[in-house]
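What follows is calculated from the coordinates using simple rules that are stated; it is not laboratory data. Everything quoted here is computed from the prediction, not taken from an experiment. Cβ placement follows ideal geometry from the backbone for every residue including glycine, while neighbour counts extend to all protein chains displayed.
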Amino acid sequence: MCLAVPGRVLEIGEKDGTRMATVDFGGVVKEVCLEYLPDLRVGEYAIVHVGFALQRLDEESARQTLELFSQLGMLQEEFADPWERAAAEAGVAEWPFADDIAQQAQAGDAVQEAQQQ
């Protein structure tokens, strides 16, 4: 699935003649193109889709959306690196969504126990 996700601009620069930003998506930091929002500033929020900031968003709406995406496991689905996830599950690396995985595993165990009874 490919989502448009709100993120907070941490810093802005230029890369190969293109205005770029480092953006925080609830703990996951990615590089984003700002060509569609050339006046976006550090500290502001934007909705980002496939690496492009598309629309400015107020902070409260961004936080609510990130929280909802996190609860639904959608951030991990959108941003997860399968190699990092495998390393985290093997216990050899930190992963930003480790708590989400633990909660999903516990929920899955509870469902299996209920089905066995």
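Miscellaneous remarks
- Leading residue at positive end of dipole, region 17-74 (Cβ point charges), from G26, S61, P38: P38
- Pair S61, D16: separation of 7 Å Cα→Cβ label points (nm): 3.2
- Label point distance in nm, D24-V50, each placed 7 Å from Cα along Cα→Cβ: 2.8
- Packing here is the average count of other Cβ atoms within 10 Å per residue, and on that basis the peptides 12-18, 31-37, highest first, run 31-37, 12-18.
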